[in-house]
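Shown next, in structure tokens, is the structure this report addresses.
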Amino acid sequence: MKPTGAYLDSLTGFADLLGTIRQAENAARELLDETSEQSKQKASSKQKTSEKQIKSDQPDPGQKDLKEQNNIAEQKTNTEKSSDDITPQTQETEAEEEPEKEKTLEELLEVLDELIGLDNIKQSVKSLINYVKIRKLREENELPNPPLSLHMVFTGNPGTGKTTVARILSELYKAIGVLSKGQLVEVDRSGLVAGFVGQTALKTTEVVNSALGGILFIDEAYSLAPDIGAGNDFGRESIETLLKMMEDHRNDLIVIVAGYSEPMLRFITSNPGLESRFNRYFMFEDYNSEELYDIFNMMCVKSEYILTDDAKEYAREHFTIIYEMRDENFGNARHVRNFFENIVTVHSDRVSTLDGHTRDDLTMVIREDLEKAAKM
């Protein structure tokens, strides 16, 4: 029986399909072979590159011997060095890392005695220290003590040593165990008062917290209590916050308020709480002409400036006139410091014009230098 035409057509189509499948298989096999060959070539190339790097990393025998010789020589040099051979930089670093040794009570009292003038202040400070020491002895012997307030009022013109004495007091109280840390925190109105409602209390609290264990020194404290009719001033808020914290931390905080005498009296009487807490007053008097000269001479010696006899005579005359003409804004030691700095400037201008600069030129101060400085 012969196949029909339709059946023959289907066989022909099937044969064509088989041929197409075989062609696809051949093409795929060729692609796989080509990809495999490329991978082998890449692997071979990487291996050669790695071998080159390894070979290049290996030191040259001659270089290796030279390096070993240098290392041996360096070790020998280091061994020959003394163990005490320390560079200045290393010594400075070790000195910076070493904590500063705290002064004893006797050493701090010597520092106080070395201050020029301030005889009444020195005696008042020593009496206060003795009072505190006896209180501690009475406590140790279970004897009663009256209430103690160490908050103080410093009055006087600028430049009379108020901040210096406050700093010494902070260390003295630390030395006898009244304060736990003994730091001095200096501040004025701008450091306590903010410009918006509610912020002053936060600002004052932050400052007082930084002073706990030490002394809070408020310069020109009267600016916290403006005149009556000044309106809603935030200084009053600072005072109320300060008074509360002074009470809360009365065992580890001392507050010193400072400023001109009359404004400070107005400040203390502006609030009953201030009157009850500040009951110790220290009056810092102006330096006389001889003390002003001693302060000036101390500045010169410290900076290694040598005054001629004519220059010394002029300096004494200058401070005598300045003292006799002083007013309520007299600068005291501040004036002396400004005068000294002007002299240094004039001296530098004069010496810079000289052809040669000997050691005497760099240190010697003449009368003309002082005369020009006084006019600045």
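The values are calculated or read from the model by the stated rules, or taken from the named source; none is laboratory data. Everything quoted here is computed from the prediction, not taken from an experiment. We place every Cβ from the backbone using ideal geometry, glycine too, and count neighbours over all the protein chains shown.
Structure notes:
- Selection within segment 303-332 - more than 17 Å from residue 375 (Cβ to Cβ), in a helix (DSSP H, G or I) and touching a Phe, Trp or Tyr at 6+ places or on another chain (Cβ under 7 Å): 316
- Test for residue 278: is it closer than 30 Å to residue 338 by Cα, under 33 Å from the mean Cα position of the chain (by Cα) and surrounded by 20 or more Cβ atoms within 10 Å (Cβ to Cβ): no
- Among the residues here, residue 308 qualifies as surrounded by fewer than 19 Cβ atoms within 10 Å (Cβ to Cβ), at pLDDT 95 or above, more than 30 Å from residue 226 (Cβ to Cβ) and over 31 Å from the mean Cα position of the chain (by Cα).
- Top-ranked residue in segment 338-374 [being in contact (Cβ under 8 Å) with a residue 40 or more places away in the chain and under 30 Å from the mean Cα position of the chain (by Cα); ranked as surrounded by the fewest Cβ atoms within 10 Å (Cβ to Cβ)]: 344
- Looking at 181, 203, just one residue is assigned to a loop (DSSP other than H, G, I, E, B), among the basic types (Lys, Arg) and assigned by TED's automatic domain parsing to the domain that holds residue 248, and that residue is 181.
- Residue ID - nearest to residue 150 (Cα to Cα), chosen from residues in segment 266-299 that are assigned to a helix (DSSP H, G or I) and aliphatic (A, V, I, L, M): 274
- For residue 238: the one exception among (1) surrounded by fewer than 17 Cβ atoms within 10 Å (Cβ to Cβ); (2) among the hydroxyl-bearing types (Ser, Thr, Tyr); (3) not in a strand (DSSP E or B): (1)
- Long-range neighbours under 8 Å by Cβ, at least six apart or interchain, first residue in the same structural domain as residue 273 (by TED's automatic domain parsing) and modelled with pLDDT of 90 or more within segment 218-243, second of a type in the set (Asp, Glu) and surrounded by fewer than 20 Cβ atoms within 10 Å (Cβ to Cβ): 218/188; 219/186; 219/188; 220/188; 223/188
- Applying the criterion of being of a type in the set (Gly, Ala, Ser) and not in a helix (DSSP H, G or I) to the residues of segment 99-151, the residue that is nearest to residue 173 (Cα to Cα) is 149.
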